[in-house]
1. Looking only at segment A:118-132, filter to residues that are aromatic (Phe, Trp, Tyr) and over 19 Å from the mean Cα position of the chain (by Cα); which one of those is farthest from residue B:218 (Cα to Cα)?
2. Among (1) touching a residue at least 40 places away in the same chain (Cβ under 8 Å); (2) within 20 Å of residue B:192 (Cα to Cα), where does residue B:318 come up short?
3. Report, by residue number, each residue of segment B:184-207 that is outside any helix (DSSP H, G or I) and farther than 19 Å from residue A:143 by Cα.
4. Can you name every residue in segment A:46-84 that is among the polar types (S, T, N, Q), closer than 19 Å to residue B:122 by Cβ, touching an Asp or Glu at 6+ places or on another chain (Cβ under 7 Å) and surrounded by fewer than 21 Cβ atoms within 10 Å (Cβ to Cβ)?
5. Could we say that residue B:346 is in contact with a Ser or Thr (Cβ under 7 Å, 6 or more places away or on another chain) and within 28 Å of residue B:183 (Cα to Cα) here?
6. Would you confirm whether or not segment B:151-161 contains a residue that is closer than 23 Å to residue A:105 by Cβ, touching a residue at least 24 places away in the same chain (Cβ under 8 Å), in contact with a Lys or Arg (Cβ under 6 Å, 6 or more places away or on another chain) and within 7 Å of chain A (Cβ to nearest Cβ)?
7. Scan segment A:114-129 and tell me whether some residue there is of a type in the set (S, T, N, Q) and either within 27 Å of residue B:124 (Cβ to Cβ) or not in a helix (DSSP H, G or I) (or both).
8. Of the conditions (1) within 10 Å of chain B (Cβ to nearest Cβ); (2) modelled with pLDDT under 95, residue A:113 fails just one. Which one is it?
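The values are calculated or read from the model by the stated rules, or taken from the named source; none is laboratory data. What you see is a predicted model, and the numbers here were worked out from it, not measured in a lab. When we count neighbours, we look across all protein chains shown, and the Cβ atoms used for this are built from the backbone with ideal geometry, even at glycine.
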Amino acid sequence: MKKLLEATTKTQLWKSVFRHGYPDTPRNRTLAVLSNVFLHLHPVKVRRSGIQLSYTWCMGGLTFFLFLIETITGLLLMFYYRPTAELAFQDIMALREHVPIGIMRELHRWAAHLMVITVWLHMYRVFLTGSYKPPREFNWNVGVILLVITLLLSFTGYLLPWDQLAVWAITVGTNMARATPFLGHEGPGAALISFGGLDFVHAGDDVRFGLLAGRFVGEGALLRFYVLHCVGFPLIAATLMAIHFWRVRKDGGISGPL
Amino acid sequence: MADYIKHAVNWLTEPTRYFIGFTLAIILILQFRKFFAKTFVIVAFFVLGAAFLVFAWKDPNFAKIIGKPDNVPIVILLATVVYFSWLSLRKAVINDERIARGEPTLEGDFNKQKVFTWPDLVYTELICLVLFTVALVVWSIVLMAPLEEPAELARTPNPSKAPWYFLGLQELLVYFDPWIAGVLLPSFIIVGLGAIPYVDTNPKGNGYYTFNERKFAIWFFWIGFVLFWVSFVILGTFLRGPNWSFFGPFEYWDLHKLEPMVNVDLSTYFWVNLLDQPRPDNILLREAPGFAFLGAFFLLLPPLLAKTVCRSMFAQIGMVRYQVMMHMLLWFALIPLKMLLRWTVGLKYIVGIPEWFFNV
């Protein structure tokens, strides 16, 4: 057995992938992190509080993990889902009825709910340990935007099953937009934006119309939410996450007493 | 479960009592944190909570609302927020004692040493990842994702609820118009969160749990997050039924439950009740009392507080930071203020100009 292992690790093929021996010496442990594109998100060494779960709660890491789960399950779901008013519900129904032990949609939905909770708890921990204080002010703000994006990701995804639950939740949510000051047709100040008795802000061109591509939650809204959910917001989230993680490193690592 | 307990729970969770009870609980917990940080407190909470859940589950109304697939996360939210609040409080209490004795904090003591990312951190991450994957798979097999009838815009469900994480904001619609509850307040929450690190100039408590060194900040976040966000989400999910009327957890969701709505604008109180004359036709004159109130609230209160209660804070953080913080806090304070006025004198709007969609 030992011989076999030795023989394998000596091959050119093995060595071309792994540049160091098993990470059980300080040198190899350092190399394990430095020579791996994913692991090198981490520093070679971390403060002890950084690995203490009762200190970090692991909520930021879990959020990222759940984001990855969402990406993978979401990608699989995209193979079976067509975002039109005619087909969307049927496709979801088919996922439910025709796939034996089909749990992709369940995984996607429960992980999404969990992700909202873990983001909140992550923020809670970061606040309670004062980890937004200098030099981390900027990264706290990146985090705030990521929190908003997480909610938007969840909100846009909520519409896609195209059942009563989905459509009415989004209707209630987006109804707020019509009350936007100046920009929504039922918002304060919108009536001021008129010229010669002609209203510029009305139900057919206000922010809600822009969000929904229509006066109500219809086919246009479904497509718009689908594109934002599958492409737009994930891209923004991924970009901001890269900044977020990079700044964690640059601003002194996982928080701890400075 | 005995009927009198159900009635007691239904009575207790009525929004006014629910909110006041929650507020008192937070005040008690933070004031007597040394007691509440003890281990048996959290054990007792979860044992009693689990026992309550088991017994309450036999009630069909309770099981129907708590067992809704999309409501399971709210139970998780409640459990995790309680647990982590307790955990942070416990660490803060221990740290405060250590600081008082002149010792380093728990985290400070720990951080003299550094550990290798591989294996210590990488393995922790791997274990978390595996556990969560297993949990998610089990959850997904046991519970099916909800799917209702196909979308039909001609049929409005009652109640129509936003996704659960926005139900705290939807609950605010009871007290405010959409332009405040749905647009202004969320925007202020985002901006206010972003402003926190620039407004909070207290250099202490960076990187460890503490209460004594950051009293105001910790109070603020407990009230803001636990009370106004999490408790409102729970209220909006479990205790609001058809027509957004209140329903106790053991109450049947009766479509025809009527709640008397006899709320009155401030302008009516001022002109009709106080001066005994009809309200003036001129909108601005009619609403002058409301504008005066809001003007005093937003413009007079900050300088007044800066000269009195918040004198030392004002001196510490300076004019710009103080103004930003005060205005965020005042908007925040408008929520409980309006709630109290609604409950006590049935106030509808402070400024009510439905003609311009301008109601505060």
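1. Checked segment A:118-132; the qualifying residue farthest from residue B:218 (Cα to Cα) is A:132.
2. Result: residue B:318 fails condition (1) only.
3. B:201, B:202, B:203, B:204, B:205
4. none
5. In short, no.
6. Checking segment B:151-161: not a single residue is closer than 23 Å to residue A:105 by Cβ, touching a residue at least 24 places away in the same chain (Cβ under 8 Å), in contact with a Lys or Arg (Cβ under 6 Å, 6 or more places away or on another chain) and within 7 Å of chain A (Cβ to nearest Cβ).
7. Yes, some residue in segment A:114-129 is of a type in the set (S, T, N, Q) and either within 27 Å of residue B:124 (Cβ to Cβ) or not in a helix (DSSP H, G or I) (or both).
8. Of the numbered conditions (1) within 10 Å of chain B (Cβ to nearest Cβ); (2) modelled with pLDDT under 95, the odd one out for residue A:113 is (2).
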